[in-house]
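First up is the structure itself, then whatever we jot down about it.
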Amino acid sequence: MGNIQRFPHSAKAASTNPLKMSQPLGAALAFLGVDRCMPLFHGSQGCTAFGLVLLVRHFREAIPLQTTAMDQVSTILGGYENLEQAVRTIHERNAPALIGVATTGVTETKGEDMAGQYSLFRQRNPALSGLKLVFANTPDFSGGFEDGFSAAVTGIVEEVVQPSETTVKGQINVLAGCHLSPGDVEELRDIIESFGLSPIFLPDLSLSMSGRQPDDFTATSLGGVTVEQIAAMGASEATLVIGEHMRVAAAALELKTDVRSLFFDRLTGLEASDRLVRTLSELSGRPVPAKLRHQRETLVDGMLDGHFFYSRKRIAVALEPDLLYAVTSFLADMGAEVIAAVSPTQTAVLEKLKAATVMVGDHSDVETLARDADLIVSNSHGRQGAARIGVPLHRMGLPMFDRLGAGLKVQVGYRGTRELLFEIGNLFLSREMDHDSHGHAHGHAHGDGHEHGQHCGSGSCGCSAG
Amino acid sequence: MLQEKLQDVFNEPGCSTNQAKSEKERKKGCSKALKPGAAAGGCAYDGAMIALQPIADAAHLVHGPIACLGNSWDNRGTKSSGSQLYRTGFTTDMSELDIIHGGEKKLYKAIKEVVQQYDPPAVFVYQTCVPAMIGDDIEAVCKFAAKKLGKPVIPVMAPGFVGSKNLGNKLAGETLLDHVIGTVEPEVTTPTDICIVGEYNLAGELWLVKPLLDEIGIRILSCISGDGRYNEVAQAHRARLTMVVCSQALVNVGRKMQERWGIPYFEGSFYGVSDMSDTLRTMARMLVERGADKAIIDRTEGVIAREESRVWRRLEPYKPRFDGKRVLLFTGGVKSWSMVTALEGAGLTIVGTSTKKSTKEDKERIKKMKGEEFHQWDDLKPRDIYKMLRDSEADIMMSGGRSQFIALKAKVPWLDLNQERHTPYAGYDGIVNLCEEIDKTLSNPIWRQVRLAAPWDSKPDSKPDVKPVGA
């Protein structure tokens, strides 16, 4: 692979076609994995509206998200009044089990003292002492989506989890990072339960964001891990920590409960899945179920069948850091060359990436780095650049507004790895079969090239705005 | 500066809602205080971006932290017949250090990069909350950059926290009046040049209207801002007539163009058969009043007669299929009025409409036509909409994307009327498109299936079976 080039910082002043999404949005997603929760952005209206639209377009679900509706005056004088009023209003109208407050650029620039506001709120509203309230600092101007997700999960752990003197046999905590889709969480639950273990996922997007048909209209999240389950996490035997960005939350959980953490940097790939399965077998003291053994066999078979099409393929990947790590590692496992790995933010996990170029950048950087690539792996925003340079795009991550079922994709465990392997492998395979009619691969608008000039605004694709 | 501008915009004499208020109320402006914890909708920056971004060949650079652009770019369906630059998201992505040291230098550098790399005819620079809070002088940076780089660099002063999306639309209009309109002279002018204001060419709607205007001999000198080009917008002051499409959003532009350059304006709509015809007639009449050749009136009447008979003929097959079908309209502004007439013409029954952004006049018009019994809601809670749909009070809901899941979760057909849709509904052809879309969704066999209870579920679903359309 030769020397790895690392440009941790882009020298550009203008971010062009950003890959980055803001911290509060990540926090909102984490809060949405808690049952009957209302995420609340402490900032001006637009902060909430934009975040809401993005999540709606991706999940094609109604997204509960509220705002403290800061205006000019409250921005200058301080936002406590707005915050208190917002929490009280939400409590009166929707009686959620948890209100998750995320700050924004507006409140962070002002320097709102959130710890102080929290105590003041508790002091002034003794009648609401039963209401679970989590405050997370998530400034728009630092970090990104993953950091916000991590801050919210850490906040939930600190506020809700209770230490326990007893241990419930077979109960396992899973701190599920934002690189896991609702489909991934569902798959993970299946795997863990097949060992007779009972997992508590924090957050649990598989129940709230996987497409539900409620009997009545609810303004809060519906499904997800309950506040009671979170409180009981102290009685678990172990905590599985999935993803580098869950480390802080894991430390908080361990500090509070003394439940030991087992860390998994990824769950995509044969060896990564093996490690999970072996761990679960050890934890439960049970042999690996026949279903998983079979899945492993089919993955091994799929790797043999598929490796022809992966070998030495040049791939550019642009995703949130932990997903970027999982995908680039998987591609490297399959014999592909990751020529560029682009992350929206700087994090420790970038040090571990196996890629010729590792860069903190945006979609325009991907466009530059991927000019002679065979494939780009990124979110739906990558489609414009991919079309311009005529490289096919495999969509992963968030937002994915121009595909159905984005939230339910599975890419963890033997089965998920196999699905990812076939999906990307098929892109290569179909291009090889098409070569006669298309001539040389580059310079031709293959795959997604037909999207040139087309605009997926959504709507029928599920986008809400307005 | 911004405060004065806000006062000025609030005190819009062209706004009929505003004129109906007392002097004191008017001073308060039209931005209602939002209720924390119960507010929804975008901010002023959002509104400004919506109004200006369809200017397709300009670069739109957002000065602020990542949230303002990172979460929002690439999400509107406005179309361009040429340049695609407007679809590129540019932002300064302000970091902690920019906030401590001030973001002006980074902004200048960003403008320079964009100009050097893309060479657009102009750069719009959007002010957002955070730089406004730390006191970045965007106007000064833009002025400096314009001089240095030899290009118009236009500050759009609409930070989110000053108010609503609608206010942002108006501030965008003010930006055009202050910095753009009147700065370029057209090479040729004709006595039938018009300017259209507040039409964003969503799903290519303008393109259903333009051929008719071409046929009549009316030239769109500039459209603000659908399928817009910077230089065309800058030439708007040479139009003979302005049509204001969305009066709530941009009437200030129409009125001030009249004030400054003596261009009369009228409010019109491209939605619905009668409104479309009225619009064409008004256009022709007003152009003739301003000296255009009288022949365009005859040509207009010819086009109207032909198109109307064609559209009614094409709508005929839908009438029996729509018989007895009830529509819940949930949209804002002038659309609620135009759509009511259009849909009733096709044989649908409208059970009610929201009037959130409608003017007092619009509401009166609806009341006059539909009677006092007809539901008009200023604000309807999602839970209430859900209940109405669940109780089968309507067969289809038409609204913006925000409320689509209320309908879909109630297992009731839904159609997007707002900016995210892919089908154009403007003009005569647009109405036929709309009816086709309604028919398509109403007659889809999924509605019967999705309402079936699971076979192991003994409790039957409360929803009665729906008869297929036309049965």
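The values are calculated or read from the model by the stated rules, or taken from the named source; none is laboratory data. Just so we're clear, the structure is a prediction, and the values are computed from it rather than from any experiment. Please note: Cβ atoms are built from the backbone with ideal geometry, for glycine as well, and neighbour counts cover all protein chains shown. Heavy atoms of the whole protein, side chains included, go into the accessibility calculation; ligands, DNA and RNA do not. Shrake-Rupley method; radii C 1.70, N 1.55, O 1.52, S 1.80 Å.
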#### Entry: Residue list for segment B:224-267, filter: farther than 20 Å from B:R76 by Cα and part of a loop (DSSP other than H, G, I, E, B)
B:Q235, B:A239, B:R240, B:G262, B:I263, B:P264
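Does A:L52 satisfy the condition of being within 11 Å of chain B (Cβ to nearest Cβ), assigned to a helix (DSSP H, G or I), of a type in the set (A, V, I, L, M, F, W, C) and open to solvent by 10 Å² or more (accessible area, probe 1.4 Å)?
yes
A quick yes/no check of all residues on (1) in contact (Cβ under 8 Å) with a residue 24 or more places away in the chain; (2) under 15 Å from the mean Cα position of the chain (by Cα); (3) over 26 Å from A:T166 (Cβ atoms):
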position	(1), (2), (3)
A:I200	yes, no, no
A:D204	yes, yes, no
A:G211	yes, no, yes
A:P214	no, no, yes
A:A219	yes, no, yes
A:V227	yes, no, no
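Can you work out which of the residues in segment B:146-163 that are among the small types (G, A, S) and crowded, with 24+ Cβ neighbours inside 10 Å is farthest from B:M49 (Cα to Cα)?
B:G163
Against the definition (within 13 Å of chain A (Cβ to nearest Cβ), open to solvent by less than 10 Å² (accessible area, probe 1.4 Å) and of a type in the set (G, A, S)), how does B:G168 come out, yes or no?
In short, yes.
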### Query
Within segment A:236-252, can one find any residue that is part of a strand (DSSP E or B) and surrounded by fewer than 22 Cβ atoms within 10 Å (Cβ to Cβ)?
yes
### Message
From the list A:T104, A:T138, exactly one residue is at the interface with chain B (Cβ under 9 Å from one of its Cβ atoms) and of a type in the set (V, I, T). Which is it?
### Response
A:T104
### Query
Where residues in segment B:109-143 are of a type outside the set (A, V, I, L, M, F, W, C), part of a helix (DSSP H, G or I) and closer than 18 Å to B:P65 by Cβ, which of them is most open to solvent (accessible area, probe 1.4 Å)?
B:K109
### Query
Of all the residues that make up segment B:265-314, how many are among the hydrophobic types (A, V, I, L, M, F, W, C), farther than 17 Å from B:E215 by Cα and more than 27 Å from the chain's Cα centre (by Cα)?
0
### Query
Any idea how many residues of segment B:381-414 are out of contact with any Ser or Thr (no Cβ under 6 Å at 6 or more places or on another chain), part of a loop (DSSP other than H, G, I, E, B) and within 14 Å of chain A (Cβ to nearest Cβ)?
6
### Query
In segment B:89-108, how many residues are more than 9 Å from chain A (Cβ to nearest Cβ) and outside any helix (DSSP H, G or I)?
2
### Summary
The one condition A:R36 fails out of (1) more than 9 Å from chain B (Cβ to nearest Cβ); (2) over 21 Å from A:R212 (Cβ atoms); (3) in contact (Cβ under 8 Å) with a residue 60 or more places away in the chain is (2)
#### Entry: One residue from A:A11, A:A69, A:A62 being part of a loop (DSSP other than H, G, I, E, B), without any contact (Cβ under 8 Å) to a residue 40 or more places away in the chain and surrounded by fewer than 24 Cβ atoms within 10 Å (Cβ to Cβ)
A:A11
#### Entry: Selection from segment B:74-85 of residues that are more than 7 Å from every other protein chain (Cβ to nearest Cβ) and open to solvent by 10 Å² or more (accessible area, probe 1.4 Å)
B:S80, B:S81, B:G82, B:S83, B:L85
### Message
Give me the residue from segment B:424-444 that is in a loop (DSSP other than H, G, I, E, B) and open to solvent by less than 30 Å² (accessible area, probe 1.4 Å) and, out of that set, farthest from the other protein chains (Cβ to nearest Cβ).
### Response
B:A426
### Query
Only one of B:K5, B:K27 is in a helix (DSSP H, G or I) and modelled with pLDDT under 60; which?
B:K27
### Query
Considering A:V227, A:V327, which residue is surrounded by fewer than 23 Cβ atoms within 10 Å (Cβ to Cβ) and farther than 19 Å from A:D190 by Cβ?
A:V227
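Test A:T279 against the criterion of being modelled with pLDDT of 95 or more, crowded, with 19+ Cβ neighbours inside 10 Å and of a type in the set (S, T, N, Q), and give yes or no.
no
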### Query
Is there any pair with a first residue in segment B:186-213 that is farther than 20 Å from B:T282 by Cα and a second that is open to solvent by 20 Å² or more (accessible area, probe 1.4 Å) and not in a loop (DSSP other than H, G, I, E, B) whose Cβ atoms are under 7 Å apart and which are 6 or more apart or on different chains, and what are they?
B:P186/B:R238; B:T189/B:R238
### Query
Given the structure, is B:A146 without any contact (Cβ under 8 Å) to a residue 60 or more places away in the chain, touching a strand residue (DSSP E or B) at 6+ places or on another chain (Cβ under 9 Å) and in a helix (DSSP H, G or I)?
yes
#### Entry: Tally of residues being out of contact with any helix residue (DSSP H, G or I) (no Cβ under 9 Å at 6 or more places or on another chain) and closer than 17 Å to B:Q3 by Cβ across segment B:120-174
2
### Task
Give B:E205, B:E199, B:E259 a once-over and let me know the one that is open to solvent by 20 Å² or more (accessible area, probe 1.4 Å) and among the acidic types (D, E).
B:E259
### Message
Residues that are modelled with pLDDT of 95 or more and in contact with a Phe, Trp or Tyr (Cβ under 6 Å, 6 or more places away or on another chain): does segment A:195-218 have at least one?
### Response
no
### Task
Would you confirm whether any residue within segment B:48-67 is surrounded by 24 or more Cβ atoms within 10 Å (Cβ to Cβ) and without any contact (Cβ under 8 Å) to a residue 60 or more places away in the chain?
yes
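Tell me, which residue of segment A:120-173 that is hydroxyl-bearing (S, T, Y) and either in a loop (DSSP other than H, G, I, E, B) or modelled with pLDDT under 95 (or both) is least open to solvent (accessible area, probe 1.4 Å)?
A:T138
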